[in-house]
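Please treat every number below as a calculation from the coordinates, not as lab data. No experiment lies behind these values; they were computed from the predicted model shown. Positions of Cβ are generated from backbone atoms using ideal geometry, with glycine treated the same way; all protein chains shown enter the neighbour counts.
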Amino acid sequence: MNQKIKDKVSTMEATLIDFRRTLHQHPEIAFEEIETTNRIAEKLEELSIPYKRMDPTGILAEINGEQDGKTILLRADIDALPVTELNDHLDYRSQVKDKMHACGHDAHTAMLMTAAAALNEIKAEIKGTVRLLFQPAEEVAEGARKMIEQGVIEGVDNVFGIHIWSELESGKVSCPPGPSFAAADMLTVRFKGKGGHAAMPHQTVDAAVMASQFVSTLQTIVSREIDPLHSAVVTIGKMEVGSRFNVIAENALLEGTIRTFDAVTRDKIEASIAQYAEHIALLYGGTVEVDYERKTEPVVNETHSAKLVQSVAAEAFGESALQEEPPTMGAEDFGYYMAEATGAFALVGSGNETKDTCWAHHHGRFNVDEAALKVGAELYAQYTLAYLDQSEF
Ligand code: NI
């Protein structure tokens, strides 16, 4: 553990909270983070850290250590959500109607900026290069891909990211080796039958029957087709069929999501969905179009990186700060970076009953215990030094 980092983060705590609150008041959603990008640029200029603007939003900054070594990429996501903030009692609540930092990305941005300031101050001790990525559009699962297309991951040896987590007690750190967030895919299915009069079904092919049969039959993919020891979710969240009580529907549109952790299960589900849809259409005399879109890669913590996060956190915050959260079927587009380089993604707890910060992410009452921000900021910086100081992986 580096004491200078700890001290610097501690003296910057008020600035850190202030920056988070400024961002919180001015939320911008995916790929519209123009003011947010400007604010980040302004802070980096104050620190004289070189950076470049990404397209269309986001920033990649770089601190070159005075000694040679590896390259680590630190990532914070910067986008907000189309959610109405319900925290009327907060004087720093969102000033933008129906937009809110309801996932804590304001906290991530402020934490990474603080880590940048701390690391920049001890540049002479850094062996290698630190890339700081302020990534847009995490909430629509497109930002990471867009950043990778623009070269952020080239030459990177290790990646590290943090998510503030309201379900975890404030100040705790969770980073177990193995899977933590699932791959999230999107499914669109269009059945086409033949519409007609509700009283003359024999002249029609009923899209409502095909669609409902499909939703029911789909349930057996998870229960009968995949290894019961492998986790998976198949959910149809939307079904649009028909227009009137006495007209047989010609078309049905279904949308859903598939969550998995491993490639074998994911491939199997994708193939089974197509097979089920085609056979149901065939059975009833209709046709079907299936569009299966892979949206995010799973977040799987590489063992060495995760163990290093744990040992750094234990040293910096005490053994009692460590906790192992179970994996979630929720998604995080950080998995894209992990497909390109080894790395880890940590959760930093921000839940505190007395401060009313245990609300679910994406809820209008969501808020962060700001005492956790310095933990996240320090963890970014301490992990970076620890990784660059050793050379085993
Ligand atoms: Ni988030």
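Highest mean first, the peptides 329-336, 256-263, 84-91 sorted by other C-beta atoms within 10 Å per residue fall in the order 329-336, 256-263, 84-91.
For Leu168, the residues whose modelled amide H falls within less than 5 Å of its own, excluding neighbours fewer than 5 places apart on the same chain, are Ser350, Gly351. Note on the stretch 23-160: with charges restricted to the Cβ of Lys and Arg (+1) and Asp and Glu (-1), its dipole about the Cα centre is near 260 debye. Taking θ as phi - 60° and the Karplus parameters 6.51, -1.76 and 1.60, the scalar couplings of the stretch 98-114 work out to 6, 10, 7, 7, 9, 10, x, 5, 4, 5, 4, 4, 5, 5, 5, 5, 5 Hz in sequence order, x denoting glycine and proline.
Between Asp88 and Ala198, residue separation times 0.36 nm minus the direct Cα-Cα distance comes to 34.5 nm.
Within the listed set Lys146, Lys194, Lys123, the Gaussian network model of the chain (springs between alpha-carbon atoms below 10 Å) gives the highest mean-square fluctuation for Lys194.
Roughly how big is the chain's charge dipole about its Cα centre, with Cβ charges of +1 (Lys, Arg) and -1 (Asp, Glu), in debye to the nearest 20? Could you put the intermediate results ahead of the total?
Details: 35 positive and 61 negative charges, 125 e Å.
Dipole of the chain, to the nearest 20 debye: 600 debye.
Show me 265-276, 69-80, 179-190 ranked by packing, highest mean number of other Cβ atoms within 10 Å first.
Details: 265-276: 17.7, 69-80: 24.2, 179-190: 21.9.
Descending mean neighbour count gives 69-80, 179-190, 265-276.
Considering only DSSP beta bridges with both partners in the chain, what is the antiparallel share in %, to the nearest 5?
Working: 46 of 71 bridges.
So the antiparallel bridges in the chain amount to around 65 percent.
How far is the Cα center of the stretch 323-374 from the Cα center of the stretch 1-51, in Å? Going from one Cα centre to the other spans 18 Å.
Just add up the charged neighbours of Glu325: K/R +1, D/E -1, any other residue whose Cβ is under 14 Å from the Cβ of Glu325.
Details: positive: Lys172; negative: Glu167, Glu169, Glu324, Glu332.
Every neighbour counted, the sum reads -3.
Of the peptides 53-59, 204-210, the ranking by mean beta-carbon count within 10 Å, highest at the top, reads 204-210, 53-59. Database remark: amide H of Ile162 closer than 5 angstrom to the amide H of Arg75, Ala346 (H placed geometrically; neighbours at sequence offset of 5 or more, or on other chains; Pro and chain starts carry no H).
The stretch between Asp227 and His363 holds 45.6 nm of extra length on full extension. This uses 0.36 nm per residue minus the Cα-Cα distance. The Cα atoms of the stretch 248-350 cover 65, 27, 17 Å along the three principal axes, with the biggest extent listed first.
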